[in-house]
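*Asks:* Dumping the structure here so I can ask a few things about it.
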Amino acid sequence: MELAVPSVREPETKAASGGLSPQLLVELYRLMVLSRSVDDREILLKRQQKIFFQISGAGHEALQVGAALAMRPGYDWFFPYYRDRALCLALGVTPTEMLLQGVGAATDPASGGRQMPTHWSDRALHIVSTSSSTATQLLHAVGCAEAGRYLSHHPEAAAKSETDYRAFRDLEFHGDEVVFTSLGEGSTSQGEFWEALNTASNGKLPVVFCVEDNGYAISVPVEVNTPGGNISKLVANFPNFYFAEIDGTDPEACLLVFQAAVAHCRAGLGPAFVHGHCMRAYSHSLSDDDKWYRSAAEREADALRDPLVKMRARLLREGILTEVELDAMEHALDEEAAAAAEIALEAPLPLVAGIPKHVYSADLDPTSSSFAAEEVQPAGSNPGKSSTGKGAAPHTMADLINACLFDEMGRDPRIVVYGEDVADASREEALDEVKGKGGVFKLTSGLQREYGSDRVFNSPLAEANIVGRAIGYGVRGMKPVVEIQFFDYIWPAMHQIHNELALMRWRSHGEWAAPVVIRVPIGGYLTGGSIYHSQSGESIFTHIPGLRVVFPSNAQDANGLLRTAIRCDDPVLFLEHKRLYRESYGRAPYPGPDFAIPFGKAKIVRPGTHITLITYGAIVPRALQAAERAHRENGIEVEVLDLRTLNPYDWEAIATSVRKTSRVIVAHEDMLSWGYGAEIAARIGDELFEDLDAPVKRVASMDTFVAYQPILEDAILPQPEAILKAIVDLRAY
Ligand SMILES: Cc1ncc(C[n+]2csc(CCOP(=O)(O)OP(=O)(O)O)c2C)c(N)n1
Ligand SMILES: [Mg+2]
């Protein structure tokens, strides 16, 4: 039974009867029952072992249909969570599409068989791919809202370009668009929940936060997660919000409140926080049984609040539908779900050969010759706007990174730069009299002054916030180039990097991507940098499929590789060695505004015939010192290979050199065990065994953190002497 309700998305004023029109009440019920029918069908399929996981939205339907009908799919934006079946159905996802994901079909439009059921994604409807991680999506929603606002203030940014990632991005935006995001009450314990509220509140962003409070987080009751047991009380003092706490089992109350919440956001007054008390009609998932931890009395009391039971009773009580009509409607919806299941069970399964598809962009290959603009332009031909880093005089790595940011921001209005302390001054009125901060290492100096405070700004002191928001910007086609102040503090963002940023493209089967650049000062040799300002750890990130990792060793490479990172269609972790920022080693003239270096191309920084030394970053100058001494003192000719990018890395260059020398050392600053060199050494042992005359050697730091006292620091980090010793030993092997 289809009941068309043409005006369903128009704000309903209360009818004379004191409520919504009967037609709309029936439509709300239809959507709720359809959602439950699809859940019940999935549960059956799971019990028959035809699908492999099930988690339901049962008990949450009223809240969700209320939210969906207050918003505009394909116009507004949605960052839901796994319970939001009724929301997604009401937005326009079909039962068939949902069950295609259940069976893991090739034709599952949300993920091509990669994600569990209820991990929503629909490009046309603006439902952005979500993960299983609780609360990460809230920061994406915040970044998405910021991007929408930015684009409506800078419509020129929507223009396409033929030359970079923008060629593949059609940008849509509306000045009054609203972003919806939801989570369970237990997930409000996550720091990312609070980080999202902070930024939404501060920026008066049009984000509707919906807390679906069913009283439990798997087996953990609300009072354990939330002091006092009520999240509304805790968030009440955030400025600029519209707040509502409602009975989330009453679809009418929900719709009316969401209409008010959305109106607040559309009017630009700020975000909204809707806290709906719903219930769990079933256990957490089919892997759970709530009889293990809830009393019978509690479960029975909860069952009385089932929104379907209540709404059915109301439709009968008010004479809107008869028992016979309700039975017919419910039966028809059950049939609809059953028919969808039939289609899903017949659907083609994904091909094993397709597994690597969409790990990286298929549109733009950063190793391709289109990035090979290694031609250095004559100095002075591009005056640029930066006060530093231009002209023929040799410049530091810091200067040439700054120059690249200046050039690229001038070229591409989609770039925004933010992070901790990256602005010149958040209080703009001070800019007339102050020099400006521009980053703790001054790498972003002058950018705010040149490009304005909506393109270059300070983030809160929260690393997950920085990366999570960047993902929201990224899925809208913007290019955030964010800074994590020190590699040592990247860890709060690790969840966002690992589970969200790097996965967005693969898990959505190419539908969404967040080609964000994260610049990170890294490394030691600082004399006194100690434990929390000396860390390395690049192999932890090269172990993440979907993330490019770049690690330049000199000013010119840093400039060219950062340009490629910015123009590339994949997320990039751009590691900048702090010790190299202002070294006299590796300075270079300004190479021009289009100088780029493709990823995956190593550089022979010293040719040699006896030993191949593979390295990168701050070990490059140390390896060169050791190689010079080996030449002078021992007559050994070492070929030093600077990898420059770690994912992808240049296997061809490694293999060519090793075939020539038959002896190889891999040297890096990070700890020896499980370090980047372990993978390179293992692959050489595996694929070049026949070419080797000696075992592969590694030089790296000790398996400890870096200590403060310089004597300890020197002993912990690999020094040129240790590299020289390895060279001499290996030659004698
Ligand atoms: C970051 C993270 N930690 C743990 C989990 C495992 N987990 C999945 S759902 C869940 C409970 C969530 O409870 P709540 O936020 O109240 O949402 P509900 O499922 O009740 O709707 C947990 C612990 C996860 N998915 N993500
Ligand atoms: Mg819950």
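Taken together, the values in this text are just the output of simple stated rules run on the coordinates, not laboratory data. These figures come from a predicted structure and were not determined experimentally. Neighbour counts run over all protein chains shown; Cβ positions are idealised from the backbone, glycine included.
*Asks:* Quick check on the stretch 239-254: of everything there that is in contact with a helix residue (DSSP H, G or I) (Cβ under 6 Å, 6 or more places away or on another chain) and assigned to a helix (DSSP H, G or I), which residue is farthest from ligand 1 (Cβ to nearest atom)?
*Replies:* PRO251
*Asks:* From the set of residues in the stretch 255-295 that are among the basic types (Lys, Arg) and either crowded, with 21+ Cβ neighbours inside 10 Å or more than 18 Å from GLY59 (Cβ to Cβ) (or both), which is nearest to ligand 1 (Cβ to nearest atom)?
*Replies:* Within the stretch 255-295, the match that is nearest to ligand 1 (Cβ to nearest atom) is ARG280.
*Asks:* Could you list, in sequence order, all residues of the stretch 686-733 that are more than 23 Å from ALA627 (Cβ to Cβ) and of a type outside the set (Asp, Glu)?
*Replies:* PHE689, THR704, PHE705, VAL706, ALA707, TYR708, GLN709, PRO710, ILE711, LEU712
*Asks:* With respect to VAL38, determine if the residue is more than 16 Å from ligand 2 (Cβ to nearest atom), surrounded by fewer than 24 Cβ atoms within 10 Å (Cβ to Cβ) and β-branched (Val, Ile, Thr).
*Replies:* Spelling it out, it is not the case that VAL38 is more than 16 Å from ligand 2 (Cβ to nearest atom), surrounded by fewer than 24 Cβ atoms within 10 Å (Cβ to Cβ) and β-branched (Val, Ile, Thr).
*Asks:* From the list GLY248, GLY268, which one is on the phi > 0 side of the Ramachandran plot and either in contact with a Pro (Cβ under 7 Å, 6 or more places away or on another chain) or not basic (Lys, Arg) (or both)?
*Replies:* GLY268
*Asks:* Pairs please, first residue from the stretch 419-443 and within 23 Å of LYS578 (Cβ to Cβ) and touching a residue at least 24 places away in the same chain (Cβ under 8 Å), second anywhere and of a type in the set (Val, Ile, Thr) and part of a helix (DSSP H, G or I), Cβ atoms under 9 Å, 6+ apart in sequence or on different chains.
*Replies:* GLY419/ILE466; GLU420/ILE466; LEU443/ILE401
*Asks:* (1) surrounded by fewer than 20 Cβ atoms within 10 Å (Cβ to Cβ); (2) farther than 30 Å from ILE55 by Cβ: which one isn't true of ARG166, the others all being true?
*Replies:* So ARG166 meets the others, but not (1).
*Asks:* State yes or no: is GLY586 outside any helix (DSSP H, G or I) and in contact with a Phe, Trp or Tyr (Cβ under 7 Å, 6 or more places away or on another chain)?
*Replies:* No.
*Asks:* Could we say that GLY175 is surrounded by 20 or more Cβ atoms within 10 Å (Cβ to Cβ) and either away from ligand 2 (no atom under 16 Å from the Cβ) or not charged (D, E, K, R) (or both) here?
*Replies:* no
*Asks:* For the stretch 609-625, indicate whether the set of residues that are under 41 Å from the mean Cα position of the chain (by Cα) and free of Cβ contacts under 8 Å to residues at least 24 places away in the same chain is non-empty.
*Replies:* yes
*Asks:* Residues GLY276, GLY270: which one is of a type in the set (Gly, Ala, Ser), in a loop (DSSP other than H, G, I, E, B), within 28 Å of the chain's Cα centre (by Cα) and under 30 Å from ASP176 (Cβ atoms)?
*Replies:* Going through GLY276, GLY270 in turn, just one is of a type in the set (Gly, Ala, Ser), in a loop (DSSP other than H, G, I, E, B), within 28 Å of the chain's Cα centre (by Cα) and under 30 Å from ASP176 (Cβ atoms): GLY270.
*Asks:* Would the stretch 140-149 turn up any residue that is away from ligand 1 (no atom under 16 Å from the Cβ) and in a loop (DSSP other than H, G, I, E, B)?
*Replies:* Taking every residue of the stretch 140-149 in turn, none turns out to be away from ligand 1 (no atom under 16 Å from the Cβ) and in a loop (DSSP other than H, G, I, E, B).
*Asks:* Moving on. Just to check your reading of the model, which residue among LEU333, LEU315, LEU321 is assigned to a loop (DSSP other than H, G, I, E, B) and surrounded by 11 or more Cβ atoms within 10 Å (Cβ to Cβ)?
*Replies:* LEU321
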